[in-house]
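These notes concern the structure reproduced below.
The values are calculated or read from the model by the stated rules, or taken from the named source; none is laboratory data. Note that the structure is predicted; figures quoted are calculated from it, not measured. Please note: Cβ atoms are built from the backbone with ideal geometry, for glycine as well, and neighbour counts cover all protein chains shown.
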Amino acid sequence: MQQTTFKYSACAMAVSAAISGLATPALAQDQQERQPEGRILESIEVTARRTVENMQRVPLAVTSLGEGEIETRGLDTILEVQQFSPNTTLQESRATNSTLTAFIRGVGQEDPLWGYESGVGIYVDDVYLARPQGAVLDILNIQRVEVLRGPQGTLYGKNTVGGALKYVTQRMSGDAELDTKLTVGNYGQRDLKLVGQVPVTDRFYLGFGYADLNRDGYGKFLVSDLPGQDLENYNKDLQAFRVTAEYAPLDNVFMQLGYDRTDDKSNSKGGYRLLPSLLTNQAPVPDSIYDSYTSLPTENRVETEGVNLTVTWDVNERATLKSITSRRENYSPVNIDFDNTPLRIFDVPAIYEDEWFTQELQLNYRGANWNVVSGLYYFDSESCGVFDAILERLGQSLGAAGLTREVSGCSNGTSTAVYADGTYRINDQWSVSGGLRYTKDEKDALVRNGLIFATVYPESGWVPGYTRAPGTGTPVVLDDSADWSKVTPRISVEYQATEDTMFYASYSEGFKSGTFNPRAERAEPAADPEDVQSYEVGVKTDLTSTFRLNAAAFMLDHKNRQYIAVIPDPNNAAALNQRLGNVGQSDATGAEFEFTWLATQNLSLFGNIGVIDAKFKNVFSFDANLNRIDITDNFVITNTPERTMNVGFTYDMPLASGDIAVTGNYSYRSKYSLTELGNVLEQDAYGVLNLGITWTSMDDKWALGLHGKNLTDEEFLVGNYAFLGAANASLPNGYAPGLGGDTTLIGYYGAPRTVSLSLGYRF
């Protein structure tokens, strides 16, 4: 095992996608003349600024992966996009297949509990996914994925302090179509995808999509306390469907209505014990990083559904009105065995239940020398849950039948905003762009928290034979509301030095919403919003007709960071001692480089490099006696390697029977930390090698693909749980016992070597 120093519920939204320093001009010219005839770089369209633009003319760092690139490289989920975007981390969040942990340029959010806000906005066709549950999207016949790096507060609002991830879908063609795709692979992978459309009239189309995705586990639950459990660990069992209607009643009016639903029944993901248990000899460190132990049901469920309506009206040649309406909800009863032993040392049966409504009215206007995007935005959400921390062994040591710290509650909020962002073209070379957004957030929170001296679960039947006693519950410890308002500006200057080279400099701001502590043990004030101020300079250039280079340097100041930590209480091992407040400040400087080179008529090379120096400048917390302490020296920014790199190639070979494309890439990430406090768990530098070959028939009806990923079988951490007491070299595991009375240090790992074969046919 590689030395270490200490996964889909929104698939249905993705199913929606399936149906719904530089050369002079003279030198550049000379170089172009020496390039092979035929292939030249294509213009890439993006919607980073809420309107369709040439990526090379957009004054911000954006990575775009189109449908062809995604298909050829065999990308299955949105997580794999991190390889192709510098300074970007997209990972599965610990115990589920569907919860997303996203960091861009050192800014994000780890804890997915209700009430906490993401630092990276996730959008499907400009519909905001408000919760990380269900945000790990499967990729199906998509138009493109865009990664916007840096604060996007003006156009995208709150919770985009790190950046935004956009999933852009295809509109229906109007032709009767049925696309089928079968995929088989190791670990029992067996996937079926069906996508189709039917023209009812020449202006009215119906579309449908269905996905059935299955895989055995990478490992096993070696021991389970409960009988009759499915012991596959890291498996996949997901079904999703979507129906869509598109209607164009007039030449200048387009309407799209869609409904989707996803049922993810993949098992709860068990973690790998990096330290043996102090309380049982039934949980030694497993031989495989994908093996685990559990005392909870292995059953998990993530259910999501939603409806969305988009209406676009081209008022005239210059003005377009758009309405985007969406309502979504999800229900996720999950089992998280924090200690990963057959004993109930620290088990968390939890429920996440969310629903939200969004409405956006947008006006785009294009003048002779200027254009502007403006709009009104409304967001209404309710996010509730139950979080039972079962500490049975600790309770028994105290003479009780068990012990459960039960936390439950809701965090409800509304957000309203008005914004405008535009560009003015001064002359052929100089442009100025900028914007403002005013946002007002309101939140109310209710938290119940208390000890129950028994082993309890959120609902009757959670484990065989369990009945929740009437009246079981905990007292209200927090019932409060708060509101915040924020103006987020953006300004940039662009210089078009030549037709193919653009320089820019920009300043932007973003904020992450204020919030209450969903695990509060007592009444405590809400944490104020986080603020990020970012400075960026960059260049986008096509040095020749076959070589593209984009580069950016940035500096950001992240203020009022909301910090959540578990602080051990030496006098009470059952105390969570959660603290939430604006107790951190950090900064980051870095640079990013992306290139594409059509080296020959058949060979394309691509790659990116990201470097970043992100660190905390000021962090304070509290000791067990609530005394303020400075912990800056012990604090590190998680999920942020100092260096990321990716290099790859595609080689096209036209044949009489069709086209063959051979592709590969090597993605490298330097050492990074997975825990903020104490730097307890780190992942050493590693690289992932992927290779693939695809064949497409001359009539584009048949497609055959063979893809191998992580071919060197690298082992790398993507998530963790760390509940440890103070470091003490004289103790067996090097740490004092933490919450529950054990030394809990758990790692979750990325996928091992996988090989898949896919066959597609278009009717």
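Taking residues in the stretch 575-602 that are over 30 Å from GLY150 (Cβ atoms) and modelled with pLDDT of 95 or more, and partners anywhere that are surrounded by fewer than 17 Cβ atoms within 10 Å (Cβ to Cβ) and of a type in the set (A, V, I, L, M, F, W, C), the pairs with Cβ atoms closer than 8 Å and at least 6 places apart or on different chains are ALA599/LEU605; ASN602/MET653.
Listed here are the residues, each with its yes/no results for (1) more than 29 Å from ARG327 (Cβ to Cβ); (2) modelled with pLDDT under 50.
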{"position": "MET1", "(1), (2)": "yes, yes"}
{"position": "GLN31", "(1), (2)": "yes, yes"}
{"position": "GLY38", "(1), (2)": "yes, no"}
{"position": "VAL46", "(1), (2)": "no, no"}
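The residue that is nearest to the chain's Cα centre (by Cα), counting only those in the stretch 244-284 that are closer than 21 Å to ASP202 by Cβ and of a type in the set (D, E, K, R), is GLU246.
When you look at ILE564, is it of a type in the set (A, V, I, L, M), assigned to a strand (DSSP E or B), modelled with pLDDT of 85 or more and under 23 Å from the mean Cα position of the chain (by Cα), yes or no?
Spelling it out, it is not the case that ILE564 is of a type in the set (A, V, I, L, M), assigned to a strand (DSSP E or B), modelled with pLDDT of 85 or more and under 23 Å from the mean Cα position of the chain (by Cα).
The single condition from (1) more than 21 Å from SER266 (Cβ to Cβ); (2) β-branched (Val, Ile, Thr); (3) touching an Asp or Glu at 6+ places or on another chain (Cβ under 7 Å) that THR341 fails is (3). Taking the condition of a type in the set (S, T, N, Q), in a strand (DSSP E or B), touching a Gly at 6+ places or on another chain (Cβ under 8 Å) and surrounded by fewer than 18 Cβ atoms within 10 Å (Cβ to Cβ), does ASN665 pass? Criteria not met by ASN665. For the stretch 298-328, the tally of residues that are buried (at least 23 other Cβ atoms within 10 Å of the Cβ) and out of contact with any Ser or Thr (no Cβ under 6 Å at 6 or more places or on another chain) stands at 2. Among the residues making up the stretch 469-521, those that are assigned to a strand (DSSP E or B), within 25 Å of THR404 (Cβ to Cβ) and among the hydrophobic types (A, V, I, L, M, F, W, C) are VAL476, VAL477, LEU478.
For THR280, the stated conditions hold: it is out of contact with any helix residue (DSSP H, G or I) (no Cβ under 8 Å at 6 or more places or on another chain), closer than 27 Å to TYR457 by Cβ, surrounded by fewer than 24 Cβ atoms within 10 Å (Cβ to Cβ) and not charged (D, E, K, R).
Checked against the criterion of being part of a strand (DSSP E or B) and either within 21 Å of ASN550 (Cβ to Cβ) or in contact with a His (Cβ under 8 Å, 6 or more places away or on another chain) (or both), the candidates ILE629, ILE660, ILE609 yield just one match: ILE609. Annotation note: Cβ proximity below 8 Å between a residue of the stretch 682-695 that is farther than 11 Å from ASN646 by Cβ and of a type in the set (Ser, Thr, Tyr) and a residue that is part of a strand (DSSP E or B) and at pLDDT below 95 (sequence gap 6+ or interchain) occurs for no pair.
Does GLY163 count as buried (at least 21 other Cβ atoms within 10 Å of the Cβ) and at negative phi? Considered against the rule, which asks whether it is buried (at least 21 other Cβ atoms within 10 Å of the Cβ) and at negative phi, GLY163 comes out as no.
Within the stretch 212-232, residues that are within 16 Å of PRO286 (Cβ to Cβ) sit with their Cβ atoms under 6 Å from residues that are of a type in the set (Val, Ile, Thr) and at pLDDT 95 or above, at 6+ positions apart or across chains, in these pairs: PHE221/THR294; SER224/THR294. Looking across LEU222, LEU226, one residue alone is surrounded by 17 or more Cβ atoms within 10 Å (Cβ to Cβ), among the aliphatic types (A, V, I, L, M) and over 27 Å from the mean Cα position of the chain (by Cα). It is LEU222.
One line per residue, one yes/no per condition, for (1) in contact with a Pro (Cβ under 7 Å, 6 or more places away or on another chain); (2) surrounded by fewer than 19 Cβ atoms within 10 Å (Cβ to Cβ); (3) at pLDDT 95 or above:
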{"site": "VAL688", "(1), (2), (3)": "no, no, yes"}
{"site": "THR694", "(1), (2), (3)": "no, no, yes"}
{"site": "TRP702", "(1), (2), (3)": "no, yes, yes"}
{"site": "LYS709", "(1), (2), (3)": "no, no, yes"}
{"site": "TYR721", "(1), (2), (3)": "no, no, no"}
{"site": "ALA729", "(1), (2), (3)": "no, yes, no"}
{"site": "GLY734", "(1), (2), (3)": "no, yes, no"}
{"site": "PRO737", "(1), (2), (3)": "no, no, no"}
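Filter the stretch 229-258 for residues that are surrounded by fewer than 19 Cβ atoms within 10 Å (Cβ to Cβ) and among the β-branched types (Val, Ile, Thr); which is farthest from SER288 (Cα to Cα)? The qualifying residue farthest from SER288 (Cα to Cα) is VAL253. Of all residues in the stretch 402-429, those that are more than 17 Å from ASN159 (Cβ to Cβ), polar (S, T, N, Q) and not in a loop (DSSP other than H, G, I, E, B) total 3. A residue that is β-branched (Val, Ile, Thr), surrounded by 15 or more Cβ atoms within 10 Å (Cβ to Cβ) and more than 24 Å from THR89 (Cα to Cα) can be found somewhere in the stretch 625-636.
In the set ARG437, ARG425, only one residue is in contact with a strand residue (DSSP E or B) (Cβ under 8 Å, 6 or more places away or on another chain) and either buried (at least 19 other Cβ atoms within 10 Å of the Cβ) or more than 29 Å from GLN362 (Cβ to Cβ) (or both); that residue is ARG437.
Here is a yes/no grid of residues against (1) farther than 25 Å from LYS615 by Cβ; (2) part of a loop (DSSP other than H, G, I, E, B); (3) at pLDDT 90 or above:
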{"position": "ASN97", "(1), (2), (3)": "yes, yes, no"}
{"position": "PHE103", "(1), (2), (3)": "no, no, yes"}
{"position": "GLU110", "(1), (2), (3)": "no, yes, no"}
{"position": "GLY121", "(1), (2), (3)": "no, no, yes"}
{"position": "TYR128", "(1), (2), (3)": "yes, no, yes"}
{"position": "LEU140", "(1), (2), (3)": "yes, yes, no"}
{"position": "PRO151", "(1), (2), (3)": "no, yes, yes"}
{"position": "LEU165", "(1), (2), (3)": "no, no, yes"}
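Counting only residues that are at pLDDT 95 or above, under 18 Å from ILE139 (Cβ atoms) and of a type in the set (A, V, I, L, M), the stretch 185-212 holds 1 of them. Among the residues of the stretch 167-178, those that are buried (at least 20 other Cβ atoms within 10 Å of the Cβ) and part of a strand (DSSP E or B) comprise TYR167, VAL168.
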